[in-house]
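Inspection log for the structure reproduced underneath, given as structure tokens.
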Amino acid sequence: MTPTTDRRLRVIVADDHPSTRENLRYLLNAEPDIEVVGAATNGVEALRLILELEPDVAVLDRQMPLVDGLQVAARLRQDQPRVRVVLFTLDADVLGQLQHGVVVPKDAPVTVLLAAIRGPRDREAVVHTARPLRVLVVEDDDNTRQALVDFLSDEGFSVESALDGQEGLGVAASGAIDVIVLDLWLPVLDGAAFADIWRRRPGSAHVPIIAMSGLPEGATIAAEVGAAAFRSKPLDLPALADLLRAEGNRSGPAPLA
């Protein structure tokens, strides 16, 4: 779902590969609420365009000549903190290094990139609780997990994550969780086993599980394990955020630990 805004989001794209740069320009300009106002081939040019054109969002490649994407992001954090930074990269080692913005893998679904560009939306329509809803993401794929953590954190959720079912049980048991986002195909302990063990624990009945999977039988498995809802991959992140709010506010926030 494309959010309604009073004006289009103004975006600067920076990538030293011409095909990637132009594909991004074409893709983003096709969205009714997004306008690419400039494109740069290196970090120095990106900084110049950002200072000159004052965009809402900067989509930056990690590896660029002269000044790389991380350096541009650090400069923007200091001088232009209102500019949303989306680091668009295939470099897995960048996770955890970005202090200002969101990391989106170049091989992620386009919905992930668009959601990161649009960022927090329709906040007035959100039913607010006394504190942010606490979400546990259990997902073994590093890129998908980090994209979920980044996006949901940016949407105002308090997010914990785990890379398999066993770790997920430990995280869930260590503190109050309002909603669980659970991949069904996990190492060590799969999603169905996780759900079965979790539901046997005292106080877990109020915590809805949102199951997700790319498996053809994912919806059937989700129903069998008693998931409150199922979402197929690739995920529509804005729709997932809306679902989490609805489920979290319906069940009520878990008590503070």
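The values are calculated or read from the model by the stated rules, or taken from the named source; none is laboratory data. Bear in mind the structure is a predicted one, so any value in this text is a computation, not a measurement. Neighbour counts are summed over all protein chains in view; Cβ atoms, including those assigned to glycine, are modelled from backbone coordinates with ideal geometry. Heavy atoms of the whole protein, side chains included, go into the accessibility calculation; ligands, DNA and RNA do not. Shrake-Rupley method; radii C 1.70, N 1.55, O 1.52, S 1.80 Å.
With contacts taken as Cα pairs under 8 Å at a separation of at least 6 residues, the chain carries a relative contact order of 13 percent. Checking every one of the trypsin sites (Lys or Arg not before Pro) in the stretch 5-47 against DSSP loop status and a limit of 12 other Cβ atoms within 10 Å picks out R7. Roughly speaking, what % of Cα-Cα pairs in the chain are separated by over 27 Å, rounded to a whole number? In whole percent, the share of Cα-Cα pairs in the chain beyond 27 Å is 40. For T89, the residues whose modelled amide H falls within less than 5 Å of its own, excluding neighbours fewer than 5 places apart on the same chain, are V104, K106. Taking the Cα centre of each part, how many Å lie between the stretch 212-232 and the stretch 41-72? What the calculation gives is 41 Å, centre to centre. Could you tell me which of rounded, prolate or oblate describes the stretch 19-68, using a ≥ b ≥ c as the square roots of the eigenvalues of the alpha-carbon gyration tensor, with rounded for a/c under 1.5 and, failing that, prolate when a/b is larger than b/c and oblate otherwise? In terms of gyration-tensor shape, oblate. Averaged per residue, the stretch 1-60 has 50 square angstrom of accessible surface, using a 1.4 angstrom probe with ligands and nucleic acids left out.
Counting only helical runs of four or more DSSP H residues, what would the 222 nm mean residue ellipticity of the chain come to if each run contributes -39,500 (n - 2.57) and the total is spread over all its residues?
-11500 deg cm²/dmol
With an 8 Å cut-off on Cα pairs and a minimum separation of 6 or more residues, tell me the relative contact order of the stretch 149-201 in percent.
32 percent
For D236, the accessible surface of its heavy atoms amounts to roughly 70 Å² (probe 1.4 Å, protein chains only, rounded to the nearest 10).
What angle do you read, to the nearest 10 degrees and between 0 and 90, between the alpha-carbon axis of helix 237-251 and the longest principal axis of the chain? Once rounded, one gets 40 degrees.
Taking all protein chains as they are arranged and a probe of 1.4 Å, the heavy atoms of T111 leave approximately 50 Å² accessible to solvent.
Alpha-carbon geometry of the stretch 166-222: the Rg and the Dmax are 11.1, 33 Å, given in that order. Please compute the net charge surrounding K233, taking Lys and Arg as +1 and Asp and Glu as -1 over other residues with Cβ under 11 Å from its Cβ. Once all neighbours under 11 Å are counted, the net charge is -3.
Ordered by 1.4 Å accessible area with all protein chains kept, S158, S232, S204 run largest first as S232, S158, S204.
Rolling a 1.4 Å probe over the protein chains gives K106 an accessible area of about 60 Å².
Can you find, among A73, A46, F88, the residue farthest towards the positive end of the dipole of the stretch 13-108? Put +1 on the C-beta of Lys and Arg, -1 on that of Asp and Glu. Of A73, A46, F88, it is A73. How far is helix 69-79 tilted, in degrees, relative to the longest principal axis of the Cα atoms in the chain, given as a value from 0 to 90 rounded to the nearest 10? The answer is roughly 80 degrees.
Here the stretch 135-225 has 51 percent of its accessible surface on carbon and sulfur atoms, given a 1.4 Å probe and all protein chains in place. By definition, a body whose alpha carbon gyration tensor gives a ≥ b ≥ c is rounded when a/c is under 1.5, and the stretch 130-241 falls into this rounded group.
If you plug the beta carbon distance of L27 and S174 into 1/(1 + (r/R0)^6) with R0 = 41 Å, you get a FRET efficiency near 0.50.
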